[in-house]
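The values are calculated or read from the model by the stated rules, or taken from the named source; none is laboratory data. Predicted model only: the values in this text are computed from it and were never measured. Here Cβ is always computed from backbone atoms with ideal geometry, including for glycine, and neighbour counts include all displayed protein chains. Keep in mind that these areas ignore ligands, DNA and RNA; they rest on the heavy atoms of the full protein, side chains included. Shrake-Rupley method; radii C 1.70, N 1.55, O 1.52, S 1.80 Å.
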Amino acid sequence: MRTIELTCDPAFDRAVRTVWRLLADGGVDSLADNPHPGHRPHLTLAACGEIAPDRLAAVSELLSGALPLPVRLSGLLSFSARSRRRVLTWGVVPGPELVDLHREVWRLLADAPEPDPHYRPGRWMPHLGLTRRVEPDALALAHRLLGRHPDLVGVFDAARSFDADSRSTVPLGT
């Protein structure tokens, strides 16, 4: 699997990591302690099988003209993660620029194999992950720890592609 992701500028990254740490320190299995060296807050625009080099180059060129992209995080979303477990995320308000960028990325990836339908236009719920897969009691604890969770304004200033097979990232849009 390959992804196309937007990453946060330094201030936005710190703000998201602060929430990760709050959850972890409160006993929720958050993303704070993910050991992968490339792990950082990000917004996934697309996930699919292998991406042809010319398509990846076209996506990179598109992203170079679209960044930086200001966004607002608002509200908590919970997604099913097999069985009773859930993943808690921070919703990204899909402004017109982000919606157009997402649609254009998928236009460029139209022939990519194994597209993940959850990331396709019309089904995509933009979000930044906060927790790993957690049981319902941990999800309830996360909500208690976060309380009335405030909106956050930030900037996506870079992009990358993650290759799940090699567990490596490639910068895009530079």
I'd like to verify a number: residues in region 119-132 that are surrounded by fewer than 16 Cβ atoms within 10 Å (Cβ to Cβ) and more than 20 Å from residue 56 (Cα to Cα), how many? 3
Subset of region 142-174 that is out of contact with any strand residue (DSSP E or B) (no Cβ under 7 Å at 6 or more places or on another chain) and hydroxyl-bearing (Ser, Thr, Tyr) - its residue that is surrounded by the most Cβ atoms within 10 Å (Cβ to Cβ): 168
Among the numbered criteria (1) in contact with a Lys or Arg (Cβ under 6 Å, 6 or more places away or on another chain); (2) within 16 Å of residue 129 (Cα to Cα); (3) of a type in the set (A, V, I, L, M, F, W, C), which single criterion is violated by residue 45? (1)
Condition check for residue 139: open to solvent by less than 30 Å² (accessible area, probe 1.4 Å) and modelled with pLDDT of 95 or more: no
Residues within region 73-102 that are exposed (fewer than 13 other Cβ atoms within 10 Å of the Cβ) and either touching a strand residue (DSSP E or B) at 6+ places or on another chain (Cβ under 7 Å) or not polar (S, T, N, Q) (or both), tallied: 7
For residue 166: the one exception among (1) on the phi < 0 side of the Ramachandran plot; (2) in contact (Cβ under 8 Å) with a residue 24 or more places away in the chain: (2)
Just one listed residue, out of 93, 71, 105, is β-branched (Val, Ile, Thr), within 30 Å of residue 138 (Cα to Cα) and in contact with a helix residue (DSSP H, G or I) (Cβ under 7 Å, 6 or more places away or on another chain), and it is 71
For region 103-116, what are the residues that are open to solvent by 30 Å² or more (accessible area, probe 1.4 Å) and either touching a residue at least 12 places away in the same chain (Cβ under 8 Å) or closer than 26 Å to residue 16 by Cα (or both)? 103, 104, 111, 113, 114, 115, 116
Scan region 11-60 for residues that are without any contact (Cβ under 8 Å) to a residue 24 or more places away in the chain, open to solvent by 40 Å² or more (accessible area, probe 1.4 Å) and over 16 Å from the mean Cα position of the chain (by Cα) and report the count. 9
If we ask which residues in region 44-77 are under 15 Å from residue 4 (Cβ atoms), aliphatic (A, V, I, L, M) and not in a helix (DSSP H, G or I), their number turns out to be 7
